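One structure below.
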Amino acid sequence: MNPSITPSSTATSSQTPTNTSTSTPSNTPTNTSTSTPSNTPTNTATSTATNTATSTPTNTSTSTPSNTPTRTNTPTATATDTATPTFTPSSTPTRTSTPTATATDTATPTATATDTATPTATATDTATPTATSGVIIDPVTSTPTLPAPVVATPTPSPNTEPSSVMCQLLTPLRIRVTWVDQSTFETEFLIEVDVNSSGFALLTTVNSTTQATTGASYTYDIPVDLTPNTDYRFRVKARNFPSFQNSDWSTPSGVCRTGASFSVAGCVEGQVYLQGQSEHGGVPIYVDGVPAGASEMDGSFEVCGVSEGRHTFMASTACYLPVEAADVTVKDDETTRLGFVALRGGDVTGDDAIDLYDLVRIAADYRSQPPNDLAADCNRDGTINLFDLVMVAANYDQTGPVRWGQSSTAGAADDAAGDGARAAPVGAVARGVALQADAPSDSTVVVEVRARDVEGLYGADFTLDYDPERLKPIDALPQEPGIQAEPGAVWSDDMYVAVNTVDRQAHHVRFVASLRRPAAPLAGDVVIATVRFRAVGEDALGAFGLVGARLSDRLGQPIGARWTGRDIVPDGAAPVERIYLPFAGMQRAYRRR
């Protein structure tokens, strides 16, 4: 960034230097006036050198330093009775222009060896250059001041991938992976492994301890015995979590082949199914946390060379919840059958949970072909469409790893057809969600769930509990099966409602929705949904309240806030006053903000 330089002055003349850092002083100034500056000024208006620098240039233009200024020597002038400016040019001075003095009532000589003192010029911090050699004068005061030294701030390197990735055998069945850090933005490193050229799969993550520097060497030792007689290759990339800034993948390591086994060992076989896809190949199969093979196109797999004993098996791939079989007994020279399992799709963020942030990631890239957000194409058909949204809705609130044998497409469909009102995790937060209640002329209680003073809203998820002894829910969408809330009008046609149910057994309302591309994010006070109840009895005070709420921006990132009981307030805001429920026969209550 080029600093803007605006010197100020008490002198009446105007002087416009074109380059204050590289101009070369001359003993023969160029002057358009009749006055001729010399060692003894001949002009009747003789400037007198003082320590207050009565002749200070006034500049109305912007001086642009060179593209790569170097703060090596700062030009200074010493104001004395016989002022001889000490002018130290930069390491590579260039004579681009000679300042020209304009004659007025008070002649101002140029920067030459004269009796005129030249004020000390220093760089200010306002331009925030990495380093500077230009003359910068504080525009607030007429007298230049010496600012604090300019401190260069390390700039994060670009997405530079790790280098020198290598592997070596520590034992016949144990491997060490090493690499060199080449980036300064990362908080962690991701390691992937390719087993027998079956494709790379995630092995583990390693925290970065040298984020601000480069050149550090890292080591990771795989903590379990690997499959014998097997080829392994590794690659590494840097990542910043949770911003998900990534480097490219490193050049893969060479091949490390494990040694032969002295036991017969056993095999494990099974079949995996990817929800929403017709081909099910390439799903990594993990043994004790390390990829040991991959599924075929029909989902079948067989992993052999597994030592006798108890092991944990897992099938895991991008955008799907992992499934796991723990404490599987493997015997030498025998085949253990794990059976069939279906992986539930929709985990776009890869946090082993399907929630609002996955929904928004898909909706924000809706109908893009090819996808802008590759991770959002869960069914891998080359476009973001309704099938991806439905997959998230069908598996909403599911978490992994799922136990092997308890996940199937039928099960996922049953979950989607159920009450859909699973409670949000404890501690879930939302920005500025507030309740507003109004009482019509009858006994109906209308409750609006609002996002107050929100910015960049793209998706919302809330759970509202009510007292069934005092409130009975009223269906807002009678044309739809079940009992629902009424979506807020702000969602318009560019929305997708993943969950909208009233569970009369659990006594809570669940609503989840997201805008869809190309809709713009919402701001201000937003009605997320309206819930209607019929008041029962004479005491409906405190009969409902939020128990969970989350909001998301367009990138699938949380919009922070806090909520306690029925009161939801933005971060840093004062609590919302407790809400009183009006109903027929009860004086209207008010909610103050």
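Where residues in the range 318-348 are polar (S, T, N, Q) and in contact (Cβ under 8 Å) with a residue 60 or more places away in the chain, which of them is farthest from residue 389 (Cα to Cα)?
Going through the qualifying residues, I end up with 335.
Would a scan of the range 184-191 turn up a residue that is open to solvent by less than 30 Å² (accessible area, probe 1.4 Å), of a type in the set (Asp, Glu) and part of a strand (DSSP E or B)?
Yes - at least one qualifying residue is present in the range 184-191.
Which of the residues belonging to the range 274-316 are more than 19 Å from residue 337 (Cβ to Cβ), in contact with an Asp or Glu (Cβ under 7 Å, 6 or more places away or on another chain) and of a type in the set (Ser, Thr, Tyr)?
Once the filter is applied, which keeps residues that are more than 19 Å from residue 337 (Cβ to Cβ), in contact with an Asp or Glu (Cβ under 7 Å, 6 or more places away or on another chain) and of a type in the set (Ser, Thr, Tyr), the range 274-316 yields nothing.
If you go through the range 284-312, how many residues are open to solvent by 60 Å² or more (accessible area, probe 1.4 Å) and part of a strand (DSSP E or B)?
Here the count works out to 2.
Which number in (1) part of a strand (DSSP E or B); (2) at pLDDT below 55 marks the one condition that residue 142 misses?
Status for residue 142: all satisfied but (1).
Looking at 529, 506, which one is within 16 Å of residue 449 (Cα to Cα), at pLDDT 90 or above and of a type in the set (Gly, Ala, Ser)?
Criteria check complete, one pass: 529.
How about the range 496-522: which of its residues are in contact (Cβ under 8 Å) with a residue 24 or more places away in the chain, open to solvent by 50 Å² or more (accessible area, probe 1.4 Å) and within 26 Å of residue 385 (Cα to Cα)?
Those that are in contact (Cβ under 8 Å) with a residue 24 or more places away in the chain, open to solvent by 50 Å² or more (accessible area, probe 1.4 Å) and within 26 Å of residue 385 (Cα to Cα): 517, 518, 521.
Give me the residue from the range 250-264 that is assigned to a loop (DSSP other than H, G, I, E, B) and under 18 Å from residue 235 (Cα atoms) and, out of that set, most open to solvent (accessible area, probe 1.4 Å).
Among those residues, the one meeting the criterion is 251.
So, in the range 334-375, exactly how many residues are assigned to a loop (DSSP other than H, G, I, E, B), on the phi > 0 side of the Ramachandran plot and more than 20 Å from the chain's Cα centre (by Cα)?
Result for the range 334-375: 1.
For the subset of the range 342-358 comprising residues that are open to solvent by 10 Å² or more (accessible area, probe 1.4 Å) and not hydroxyl-bearing (Ser, Thr, Tyr), which member is nearest to residue 372 (Cα to Cα)?
Looking at residues that are open to solvent by 10 Å² or more (accessible area, probe 1.4 Å) and not hydroxyl-bearing (Ser, Thr, Tyr), I get 348.
Name the residues in the range 501-517 that are over 22 Å from the mean Cα position of the chain (by Cα) and either assigned to a loop (DSSP other than H, G, I, E, B) or among the β-branched types (Val, Ile, Thr) (or both), would you?
Scanning the range 501-517 gives 501, 502, 504, 505, 506, 507, 509, 512.
Give the residue that is least open to solvent (accessible area, probe 1.4 Å), with candidates limited to residues of the range 212-232 that are among the charged types (D, E, K, R) and closer than 17 Å to residue 285 by Cβ.
This residue is 231.
Specify the residue that is nearest to residue 381 (Cα to Cα); the eligible residues are those in the range 313-331 that are over 33 Å from the mean Cα position of the chain (by Cα) and open to solvent by less than 50 Å² (accessible area, probe 1.4 Å).
325
Yes or no: residue 209 modelled with pLDDT of 90 or more and open to solvent by 50 Å² or more (accessible area, probe 1.4 Å)?
Yes; evaluated as a whole, the condition is true for this residue.
I'd like the residue in the range 366-407 that is in contact with a Phe, Trp or Tyr (Cβ under 9 Å, 6 or more places away or on another chain) and of a type in the set (Asp, Glu) and, out of all such residues, is least open to solvent (accessible area, probe 1.4 Å).
388
Of the residues in the range 529-541, how many are in contact (Cβ under 8 Å) with a residue 60 or more places away in the chain and farther than 17 Å from residue 483 by Cα?
4
The values are calculated or read from the model by the stated rules, or taken from the named source; none is laboratory data. Predicted model, so just to flag it, every value in this text is computed and none were measured. With ideal geometry, Cβ positions are generated from the backbone for all residues, glycine too; neighbour counts draw on all protein chains shown. Side chains are part of the model used for accessible areas, which takes the heavy atoms of the whole protein and leaves out ligands, DNA and RNA. Shrake-Rupley method; radii C 1.70, N 1.55, O 1.52, S 1.80 Å.
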